[in-house]
Each structure stands twice: as structure tokens, then as C-alpha cells.
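The values are calculated or read from the model by the stated rules, or taken from the named source; none is laboratory data. Since the structure is predicted, the reported quantities are computational estimates derived from the model, not experimental observations. Note that we place each Cβ from the backbone using ideal geometry, even for glycine, and neighbour counts take in every protein chain shown. Ligands, DNA and RNA are excluded from the accessible area calculation, which covers all protein heavy atoms including side chains. Shrake-Rupley method; radii C 1.70, N 1.55, O 1.52, S 1.80 Å.
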2 protein chains.
Amino acid sequence: MSRASDIAYNTIREMIVSGELMPGDPLGEEALAEICGVSRTPVRDAMRRLESELLIRRSESQRSFVADWSLDDISDAFELRAMLEGLAAQRAASRISAADIRKLEAYNQRIGEANASTPADVDAFLEENRKFHTLILDVAGSARLKTLLQTLIEQPIIWRTAHHYSPHELLRSYQEHDELIAAFKRGDPAWAEAIMSGHIRRAFHAYSDAHHGLAMLDAERSKKRA
Amino acid sequence: MSRASDIAYNTIREMIVSGELMPGDPLGEEALAEICGVSRTPVRDAMRRLESELLIRRSESQRSFVADWSLDDISDAFELRAMLEGLAAQRAASRISAADIRKLEAYNQRIGEANASTPADVDAFLEENRKFHTLILDVAGSARLKTLLQTLIEQPIIWRTAHHYSPHELLRSYQEHDELIAAFKRGDPAWAEAIMSGHIRRAFHAYSDAHHGLAMLDAERSKKRA
DNA sequence: GATCGCCTTATTGTATACAAAATGGATCAG
DNA sequence: CTGATCCATTTTGTATACAATAAGGCGATC
């Protein structure tokens, strides 16, 4: 993470994910270069990466903007993620080792601990949750699947979802992880696929419930911009 | 396609897809810049794109090589494509207009004509086939799904598959397109999904049958290198 | 003779200067 | 007042020079 292009990537990405930059905001190379303290060359590199991850969109005339996600877009992203993570779980179920199952149990234990603190430690939840899903993706053993999924799971709106979870939803997520581990222990691909797919779809419904649709989403945007 | 980075992208991509460059071959920026007649800057741009499309892989020390696809990788790519194009067909079935159905019929008619000539006009088949699948993907109306799929369907090994089709397989492909159109006319998402998924899976089996596994694949590589 | 470490060389990363293209505004005609 | 065209300015694209880093070979030492 010491190369200039990595600095630029992380800096710009963080500005988008945190909400410091809002959807539709223009992104000039020169300005970003100054912010990041590097030249335009690594900034361009970083922007290409962010563009391929759909965090940035480019106009026909090659100008860049923070990507704007409609509720339909978000719904699509979750649908695809449910399908692909379901496939990952299905593949993992027949390949996973006892050692990796123990790792998953350790991650989920820490998720349970994060949930138990008051208020719930959402950052710890997210970090362990990320490890949990990443390990399953690795065990699935398909570089292509991993590449496709990583462009989906790193999206800012999806990422922020957990911040809107209720205590009950956090608990439910923890329990579903446990059930997934059970499916892995049995080596049951269909079960694992069903749990994982449902797990992701539930996350989407938690998200859309919390926001009561697009109107609420726009309200949140206005508030942050102010 | 007149920008230097597009020239570089197309030139390098063509060298990989055509087999002029073989899996594992090292790709130096300087050398490629000279071949393409541009400077290293647009070449680096192009290589980043090709890397995100998995045509190029990078070593831990940032050196680039032509990606090496094992039979497992190819199988994975087809599995994902079957799933995602199935989803596209499913979504398209409940959204497609009568005008677009007529377009699909026109494309498939030209596919039939390409098959009818002796020998079969594989390039025309591929072109109309591409239009057919692209239109369905557009009608599916998910930018994310389109982005994900395009990194899969443009892969060189998948693309060359049709060159190994037997006359019977070409006919079968044409008939499956017809059945897909029938599913669209009925507005039956499940039917469309099943046909499309099977259509892609059949393509994979045609491919693996033609190559009798990895040994045949290696033989072809040696022949081309000579 | 083998292995370790250094040094040379090749390759990639970054910065900067310049060229091309596009945007936005000002001016002028209708 | 509206609209269009042209120009100034901003923004992106490309080339090149230089810096940092990794690879490979050479020699020294055990």
C-alpha cells in the first residue's frame, strides 16, 4: 500500500465510500492528484480501477463522476451477489477442509462478540464478516468467480448496509453464518447454497426496509451534502 | 477507435486471442509500445484493461504475462456464463418488446443462413450470434449484469469455441435460439432461463468434446507455436 | 563445488511537459 | 430575447525523462 497508485486508489475510494464525495460529483484528475499528494499518472491508474469496480462512471467525453446508484441498481447488485455467493458456498461445501471450518467458526465467534457489545461494534462486525465471506470465496476455488464477486461486494452502498442493521438483524446474520457452517460440516452443497443466497437477500431487504425506498435515500444524500 | 490506448488494447488483445502470444509469454511494456507504435503510457492503460478482463495476469512483482487457462478455468467460466446469461434471459423474458423479438428473429435467420452455406460461414455465425446475445443482455436492463458478463464472453478461448462446432452443433445452436424466441413470445421467464442456461452448457460440452480434454489443448498450442 | 551476497541491467512506477479535445461563456446575428 | 458560433479555459490523452525496484549473473567465500 506504499505505491503512489495505491495511495491514490485508497484515498479516492475512501472519499467515495465515506460519502465525502456524492454521486454525480465530478472527478478531475488534477484536483485528485493534489489531494492525494501524487501526480496525475497514478491517479489515472486508480481511476481506471475504480471505474472497473463501477464506483466511478465516465461520460462519453471521458470525464469522470462518482457513480450514481438507483434503487434498481442496488437491487440488481444484491440479486447478482446472492446468486454468485450462493454458487461460491455451493462449491465450497464440497471442498472445504476441517481447518478452514474452524477458521469460519472463529470469525463468526468474533462476529457474535461484536454484536454482544453495546452498542454493537459495527466496524468489527464488518471486518470479521468480510473475512468470513472472503474465506468461503477462496475455498470455492474459482479465480473468475472471485474476480466477479469482488466488484460487487466492495460497493459503498452495499458496504454501508450493515450500519443500518437492527440488533435483531445482526443476530440473525450471525445465526445464518452458523447454519452455513453446519451445511459445510455436512458437506451439503445445496443446503449451503440455499442459506447463503437467502443470507444475501435478507441483507438487501434489511437495507431497503431501513430506507423505505428511494425517497429516504435522497433525504439521506441531502443531509450529508449539507 | 482512434485513440492510442484503443490501438494498443486492440493490438495486444488480438495478439493474445489469435494465439500469436501464448499463455505464459512475458509482456514487456516497452516491447509492446514499439509493436503498437505508441508510447508506454497508453500501453499501460490497455494492459490494465486486459488484466481486469483476465487476459493478462501479473506476477507479485508486477510483471505481466499472457494468462494461462486451465480446463478447470474454462469450465468455471462457462458455468458462470450459463448462470448469468440464464439470468439475463429470465429478466429479458418479462421485459422484451415485440420489436426486439423481431430483431432476434432477424439475427437468427442470418445465423441459419450462415450455417447453410458450405462450408459454414463461422465468422458470420459469430457476428450474428454476438448480436443475438448482446440484445438479450441489453433488454435484461441491468448495467451490472452486462458488465460482469462482458468480462466472460470476450474471453479468447470461449470465443474460439464456435470454430470447433460440427455442422450438427451449429444447427442445434440455431434451433435453441428459436426456442428462446418462443419462450420470449410466451413471456415465460423460467423457460427462457432454462433454455439459455442449457444453451451455454451445451457450448461448453461441444468445446470439451472437440478437444478431448487438456492433452488435445496442449497439442494445439504446440502446433500454433511452431 | 555450492551458496550467498553484491552489482549490473532490465523493467516497472512516477512525474512533468506538451498536445488534443471538450466545456462554458461571450459575442453577435436573427 | 433566443440561438448559434467562436474563442478562452479547463480537462483529458500522450510522450518522454527519470526514479525505484526486481531479476539475473558474477565473483567471493566457505
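A few notes on this one:
- Pairs meeting the criteria (first residue in the range A:43-54 and within 11 Å of chain B (Cβ to nearest Cβ), second residue among the hydroxyl-bearing types (S, T, Y) and away from DNA strand C (no atom under 15 Å from the Cβ), beta carbons under 6 Å, at least 6 apart or on different chains) are A:E53/A:T151.
- Residue tally, condition of a type outside the set (F, W, Y) and within 13 Å of chain A (Cβ to nearest Cβ), over the range B:61-70: 5
Condition check ((1) over 22 Å from the mean Cα position of the chain (by Cα); (2) away from DNA strand C (no atom under 16 Å from the Cβ); (3) modelled with pLDDT under 95; (4) not charged (D, E, K, R)) across all residues:
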{"site": "A:G19", "(1), (2), (3), (4)": "no, yes, yes, yes"}
{"site": "A:P23", "(1), (2), (3), (4)": "no, yes, yes, yes"}
{"site": "A:P42", "(1), (2), (3), (4)": "yes, no, no, yes"}
{"site": "A:R49", "(1), (2), (3), (4)": "no, no, yes, no"}
{"site": "A:S52", "(1), (2), (3), (4)": "no, yes, yes, yes"}
{"site": "A:F65", "(1), (2), (3), (4)": "no, no, no, yes"}
{"site": "A:S70", "(1), (2), (3), (4)": "no, yes, yes, yes"}
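- Criterion (within 16 Å of DNA strand D (Cβ to nearest atom), of a type outside the set (D, E) and in contact with a helix residue (DSSP H, G or I) (Cβ under 9 Å, 6 or more places away or on another chain)) met by exactly one of A:R13, A:R49: A:R49
- Scanning the range B:131-143 for residues that are open to solvent by 20 Å² or more (accessible area, probe 1.4 Å) and at the interface with chain A (Cβ under 10 Å from one of its Cβ atoms) yields B:G141, B:A143.
- Filter result for the condition that a residue is touching a residue at least 40 places away in the same chain (Cβ under 8 Å) and either open to solvent by 20 Å² or more (accessible area, probe 1.4 Å) or assigned by TED's automatic domain parsing to the domain that holds A:F184 (or both), over A:E113, A:E128, A:E85: A:E85
- Residue within the range B:32-39 that is within 21 Å of B:E14 (Cα to Cα) and within 14 Å of another protein chain (Cβ to nearest Cβ) present: yes
- Filtering the range A:1-27 to residues that are within 21 Å of A:D68 (Cβ to Cβ) and touching a Ser or Thr at 6+ places or on another chain (Cβ under 8 Å) leaves A:P26, A:L27.
- For the range A:73-82, filtering for residues that are over 16 Å from B:Q90 (Cβ atoms) and surrounded by fewer than 21 Cβ atoms within 10 Å (Cβ to Cβ) leaves 1.
- Lone unmet requirement of (1) more than 19 Å from the chain's Cα centre (by Cα); (2) open to solvent by 30 Å² or more (accessible area, probe 1.4 Å); (3) more than 25 Å from A:Q150 (Cα to Cα) for B:F184: (2)
- Residues of the range B:7-63 that turn out to be under 27 Å from B:H163 (Cα atoms), in a loop (DSSP other than H, G, I, E, B) and open to solvent by 20 Å² or more (accessible area, probe 1.4 Å), as a count: 7
- Looking only at the range A:88-100, residues that are away from every other protein chain (no Cβ under 14 Å), crowded, with 17+ Cβ neighbours inside 10 Å and not small (G, A, S) come to 1 in all.
- Residues of the range B:161-181 satisfying the condition of being touching a Leu at 6+ places or on another chain (Cβ under 8 Å) and either open to solvent by 10 Å² or more (accessible area, probe 1.4 Å) or of a type in the set (G, A, S) (or both): B:A162
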